Amino acid sequence: MHDMHPEARAETQGDHVGCIRLSTAQPGARGEIVEVRADHADGHGVDVHELERRLLEFGFVEGARFELLHQGLIFADPIAIRLDDMRVALRRRDAEDIWVRLDVR
Amino acid sequence: MSEAVLRPARVALVGNPNTGKTALFNALTGSRQKVANYAGVTVERKEGHLTTAAGRSLSILDLPGTYSLRARSPDEAVTRDAVLGKLAGEEAPDVVVAVADATNLRLVLRLILELKAVGRPMVLALNMYDIAQRQGLRIDLEGLQRELGCPIVTTVATRKRGIDELTAQVDALIASGVLATDNVWHEPSAGEIRTAHREAQRLLRAYVRPPERPDTLTAKLDAVLLHPVAGLAVLLGLLFVMFQAVFTWAGPPADLIEAGFALLGGWVGQMLPDGLLKDFIADGLIAGVGSVLVFLPQILVLFLFIILLEDFGYMARAAFLMDKIMGGAGLHGRAFIPLLSSFACAIPGIMAARVIDQKRDRMTTILVAPLMTCSARIPVYTLIIGAFIPDRAVGPGLNLQGLVMFGLYATGILSALVVAFVIRKIFWRGAVEPFLMELPTYKMPSAESVARNLLLRAQIFISRAGRIILPLMVLVWVLSTFPGPPAAATAPAIDYSFAGMIGHAIQPLFAPIGFNWQMVVALIPGFAAREVAVAALGTVYAVGDAEANAGALGARLAEQWSLATGLSFLAWYIFAPQCAATLGVVKRETNSWAWTGVMLFYMTALAYLASLVTYRTAVALGWG
Ligand SMILES: Nc1nc2c(ncn2[C@@H]2O[C@H](COP(=O)(O)OP(=O)(O)O)[C@@H](O)[C@H]2O)c(=O)[nH]1
Ligand SMILES: [Mg+2]
């Protein structure tokens, strides 16, 4: 299991009630992107705002629908995502800034 | 006279990756195209020409795919600069043709909004319209045209449909004298990207009706091909087939080329009087060209697989599956294919590193590619293993010689991973670029485009062989031929040459790792291509035609060398920096003597270190 990020739990008390970071989602999870917000800059090789813009340019925008299709064998990384009507692969560390609300099943 | 007659109007193809820009470029220009590099960067520049129905001549530029003009890689920077007219030696295009995959419009619409800000006259080519129609996708072309303020043409690049309409629209746009408006483009902020997305979304809702029969094939295939276990199994299976093909399919044509050049050399040898000219043409030139061209079949088979898998849409999946495995060593998932190709020959491997868009990742991949055991090392390994390693079983189905061979391959791979890790730490200070990659829908590759691409790779390889590799080969020949032996020579001729002198002079440096002067001398012609070292050993030990007669040479070596020396030579060849062709290509691809130097230095250092440790350990074990 990929543990929920500690910050994710703290955040659920704030303005992201019921939301998780995309980086903590499991295969089969589907839902909607609620917010893309760059808030931590550890060793991405690019600054946080650059990461945010790259995510946005790839279609990770507020309101987009997603489904986590597959994950890698080792450490469940990277992840393959259906994003609206296209498919994108990214590493979990780069998905940390994407907040999503999962559909209730 | 109008300006159009004086110079062709410039048209640039811009769009997301995998939308069919190259296919469209080929459909437009046919064989009237030329591939070069942009000045100062290793990005391929593809330009072609055509004449429109109205008689206007156009020059078409196929630009690297991008999601935004805010460039993130050297390729994308070329696209941005070309569109903005900032590229050294290039003017801004007269017309931009935005190429879009009609079935995947969301991201390209946002790019089009950015392109509009640049203010160049624009035509939108809605490509892959065959797939859109098959899916029952409805696009209100009139409405979209009105909103975007640019003409829209539907195309099927692979079947050359819509090409005439496209050129007619471009022609009309130029003829109407529409001028470029002011360039108001600037790097969009996050907020502006969001706004543009909303606008793109609005356009989609208003003018595009979702497909009635959406593509289900991609999802079905991905269920297997991206599966963590099944996907890796398929990938390994594919690799196995690819390797088999490289060695079996390429075998006969390679033999043919080798035999052909031997024949040619022999024939020229008979035609020319004995002397330097004959030696130069037969042994220097013809043998030199031959020893590079024998790799052409392997390179073509490899590229056939790579192009097929790329066009099918599988490459991104392979990168996905391998990303974590390679990422541990600091390599990008996309480095997988270049490294794999390097098992055949580092040259196509290094050329294939162009698929990696981040400069750092590309550089790391290029630097470690020659550590993969290329097929040119096999003759050397076979010779030394045959001479020094007893052919005996060490377990059920395990043979000691096979085990050593496997060990040599494994050491190469392991050291590549370690070196990649160290390079990341030293040069890139541990920074890891984000890994974001679109997984394109699967498509049947078109035979014509595969053939065209393959031909292009062959041309590039041959022209490189001509311009870089050949001169180096000639240099090596000169070094091992001059000065000629004295009349009463007793030792082989090479012993009296510059190569011999250099060998003798630097032999003390190699004494600590157990190399005698014959070995050092053999290393020098081996610089032309690794397997030439076998022939050179044959020359210095005066065993005729060493490659055909490996047994005799092996026996001779077993007499002359200690086991420790043999093992040390093997260890040297795991790293074996002495391949002029590889260094030449690295210089070309990195456009930097400094990086080429770094590679030569680190590989030599590793080779020396590995040989030193091997030799000393072996001597300590009493094998000296
Ligand atoms: N069915 C169909 N396939 C196409 C069309 N245009 C390109 N392709 C295929 O799409 C893939 C990507 O095309 P390519 O020209 O390499 O895209 P680029 O990355 O934009 O240069 C290739 O497999 C092409 O054969 C088209 O109009 N219809
Ligand atoms: Mg292309």
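Annotations for the structure displayed:
- Projected over all directions and averaged, the alpha-carbon convex hull of the protein assembly as shown occupies 37.1 nm².
- Cβ charges +1 (Lys, Arg) and -1 (Asp, Glu), total dipole of segment B:2-209, debye: 540 debye
- Antiparallel bridges, percent of DSSP beta bridges restricted to the protein assembly as shown (to nearest 5): 70 percent
- DSSP beta bridges in segment B:2-209 [antiparallel fraction, %, rounded to 5]: 40 percent
- Order by protection proxy (mean Cβ within 10 Å, highest first), peptides B:335-344, B:486-495, B:508-517: B:335-344, B:508-517, B:486-495
- Based on C-alpha pairs under 8 angstrom that are at least 6 apart in sequence, segment B:2-209 has a relative contact order of 22 percent.
- Accessible area (Å², 1.4 Å probe, nearest 10) - B:ASP279: 60 Å²
- Prolate/oblate/rounded label for segment A:24-105 (Cα gyration tensor, a/c 1.5): oblate
- Residue by residue along B:108-115, Cβ atoms of other protein chains within 10 Å of the local Cβ number 1 on average.
- Over the residues of chain B, the helix contribution to mean residue ellipticity at 222 nm works out to -18000 deg cm²/dmol, using -39500 (n - 2.57) for each DSSP H run of at least 4.
- Taking packing as the residue-averaged number of other Cβ atoms within 10 angstrom, the listed peptides B:105-111, B:199-205 run from highest to lowest as B:105-111, B:199-205.
- With a 10 Å cut-off around each Cβ of B:223-232, the average count of Cβ atoms from other chains is 3.
- DSSP bridge analysis restricted to chain B gives an antiparallel fraction near 45%, rounded to the nearest 5.
- Averaging Cα coordinates gives a centre for segment A:21-35 and one for segment A:59-89; these two points are 8 Å apart.
- Whole-angstrom gap from segment B:236-314 to segment B:376-452, using each part's C-alpha centre: 21 Å
- Overall form of segment B:1-138 per C-alpha gyration tensor (a/c, 1.5; a/b vs b/c): oblate
- Contact order relative to length of chain B, as percent, for alpha carbon pairs under 8 angstrom and 6 or more apart: 10 percent
- Packing-based order for B:210-222, B:387-399, B:565-577, B:442-454, using average beta carbon neighbours within 10 Å, highest first: B:565-577, B:442-454, B:210-222, B:387-399
- Within the shell of other residues whose beta carbon sits under 12 angstrom from the beta carbon of B:GLU199, the net charge comes to +4, with Lys and Arg scored +1 and Asp and Glu -1.
- Counting, for every residue in B:193-205, the Cβ atoms of other protein chains within 10 Å of its Cβ and taking the mean gives 3.
- Nearest-20 debye value, the protein assembly as shown charge dipole, Cβ charges on Lys, Arg, Asp, Glu: 260 debye
- This model, with +1 at the C-beta of Lys and Arg and -1 at the C-beta of Asp and Glu, gives segment B:407-469 a dipole about its Cα centre of some 240 debye.
- Using alpha-carbon coordinates, inclination of helix B:296-312 to the longest axis of chain B, degrees: 30 degrees
- Cα centroid separation - segment B:6-22 against segment B:496-531, whole Å: 52 Å
- Dipole-positive endmost among B:MET128, B:THR103, B:PRO93 within segment B:72-130 (Cβ charges, Cα centre): B:THR103
- Accessible area in square angstrom per residue, chain B, 1.4 angstrom probe: 42 Å²
- Debye log10 I(q)/I(0) at q = 0.08, 0.09 Å⁻¹ for chain B, Cα point scatterers: -0.67, -0.81
The values are calculated or read from the model by the stated rules, or taken from the named source; none is laboratory data. None of the values given here were measured: they were computed from a predicted structure. Using ideal geometry, Cβ is built from the backbone for each residue, glycine included, and neighbour counts are taken over all protein chains shown. For the accessible areas, the whole protein counts, side chains as well, though only heavy atoms, and no ligand, DNA or RNA atoms are used. Shrake-Rupley method; radii C 1.70, N 1.55, O 1.52, S 1.80 Å.
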